[in-house]
1. How much of the DSSP bridge set in the chain is antiparallel, in percent, rounded to the nearest 5?
2. Could you order peptides 434-441, 452-459 by the average number of other Cβ atoms within 10 Å of their residues, highest first?
3. Counting alpha carbon pairs within less than 8 Å and at least 6 residues apart, what relative contact order, in whole percent, applies to the chain?
4. In what order do 187, 156 fall by count of nearby beta-carbon atoms within 10 Å, going from fewest to most?
5. Which residues does a label at residue 311 reach in the stretch 188-232, if reach means a backbone N under 16 Å from a point 7 Å past the Cα toward the Cβ?
6. Describe numerically, in nm with one decimal, the distance between label points set 7 Å from Cα along Cα→Cβ at residue 296 and at residue 230.
7. Which of the helices in the chain meet the span-like rule: DSSP H, Cα axial reach of 18 Å or more, Kyte-Doolittle mean at least 0.0?
8. Shape verdict for the stretch 375-417, please, from the Cα gyration tensor: rounded (a/c under 1.5), prolate (a/b greater than b/c) or oblate.
Amino acid sequence: MEIKVVENVKAINADIFVVNMFENEKTLSELANHYAIEEDNFKGKFGETYLLPTYGKELYKKILVLGLGKKEDLCPNKLREAVAKAIKKAMQMEAKKVAFSLEGIGFDYSEQFTMGAMIADYKFDKYKSEKKDNGIKEVYIEANQEIVKKSEIIAEAMKFARNLSNEPAQFATPTELAEIACDLGLETKVYDREECEKMGMGAFLAVGKGSIQEPKFIHIKYSVNNPKKRIAIIGKGICFDSGGLDLKPASSMLTMKDDMSGAAAVIGIMSVLKELNPQVEVHGIIAACENMPGCKAYKPGDILTAKNGKTIEVDNTDAEGRLTLADALCYACELGVDEVIDMATLTGACMVALGTQASGIMGNDKELVKRLIETANRSGERFWELPLWEEYFDSLKSDIADMKNTGSRWGGASTAGVFLQKFVKDVKWAHIDIAGTAFLEKPQKEFIAGGTGAGVRTMLKYIMEI
Ligand code: BES
Ligand code: MN
Ligand code: ZN
């Protein structure tokens, strides 16, 4: 799909011409008013659509009236959702060219219009032997060209991440992620098992032992001259989480190909940095492996030594993400960057707490966390802060090692957070738990079921605004 910015949408010969209507107000478009709309009791409630045939009297075949709800309630996030609705409707109707005439919106809608259209246009049909060609080719809008262009790039990064999350684990292996990373055209180093051993990554390597897939530690670097800031973004890269010897029940394992969604977000973000050209040095870091119960698998009771020398007693092999992140955090801290931000499908507890509506966020720096939450709100995501009180560490105490990898069931997202914090040294750090938001089992708002690219739009906006 291509978004075309034009001076006059009314002159476009489109399959569908979309006009907006606020609740209980007459549609602003004179064109739509030519056709009886009151007759059907269409009120313009938020997200409702009303289709008008034009009987060949206009340039376009049909007019789609898009309800935007009460004018005073409309905000950029709501607008994005409404645009997505119109796009989905147009896709159902197999339209190829869609023109939007948005009037009376009290703010610059360029960004959220583009995001809504691009996110709604997404499909993952590469494994369908018969593909439906219901994609929209062109969307016309009067908007700010520069903002549209930037937003398109961000939506492309989300698409990259969504594709990776949706890819079955049989294909999206650690080796494959490493290859994809190497193909981004950025400076990239992939460490294999032996090199990770030399670096002392005992926690990360333990997790990968039960799988036939080789673990890969991936470091992608985007650099500029005189960067304003240097940051590292880490993505949890468990290509499949079976739970390991503490095997998950079948129903919990169903979506576990998505356990590399943090890594997918990192790769998606890194993939567009050259194009967006922020004056920030960005390190993308992924400790990629599978958590499987093969005969070499790590076991409950094992004691692992992480890169920083800290020892961990394995209490549950299904709490594997924090083990891989522990070594990735140590590695990132040694880079001497200003900030480290990790994104991880880390805990079912976070999903229980916040559902699919928000990612959990924790960190050791109030300002950084605040800034990320605020950026998420503007980008169309939700981050919700969870506490990192030291008391959460009580249940992680071990009799024979420095800590255990799991503690109490209660407060699981924060407990995982304080575990991670033990591997963070002298750097501003935020942890984003995307367990509930990275992968949808049912469609939600502008998204179809499957990968969402959680974290991508917020992090890109954050990086662009540094
Ligand atoms: N990958 C899971 C977390 C998860 C759950 C992500 C549901 C997405 C949806 C993680 O590795 C895990 O298994 N966590 C355990 C931790 C427990 C053993 C302390 C969990 O949340 O149950
Ligand atoms: Mn797990
Ligand atoms: Zn996991």
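FYI, it's all coordinate maths here, none of it is from the lab. Just so it is clear, the structure is predicted and the values come from calculations on it, not from any experiment. Please note: Cβ atoms are built from the backbone with ideal geometry, for glycine as well, and neighbour counts cover all protein chains shown.
1. Values: 27 of 70 bridges.
So the antiparallel bridges amount to about 40 percent of the total.
2. 452-459, 434-441
3. Values: 1104 pairs, mean separation 70.6, N = 466.
This gives 15 percent for the chain.
4. With the fewest neighbours first, 187, 156 line up as 187, 156.
5. The answer is 202-203.
6. Going by the 7 Å Cα→Cβ label model, 3.5 nm.
7. Numbers: long enough: 76-92 (24 Å, -0.62); 145-166 (31 Å, -0.33); 261-276 (22 Å, 1.41); 321-334 (20 Å, 0.56); 366-379 (20 Å, -0.76).
Membrane-span-like by this rule: 261-276, 321-334.
8. prolate
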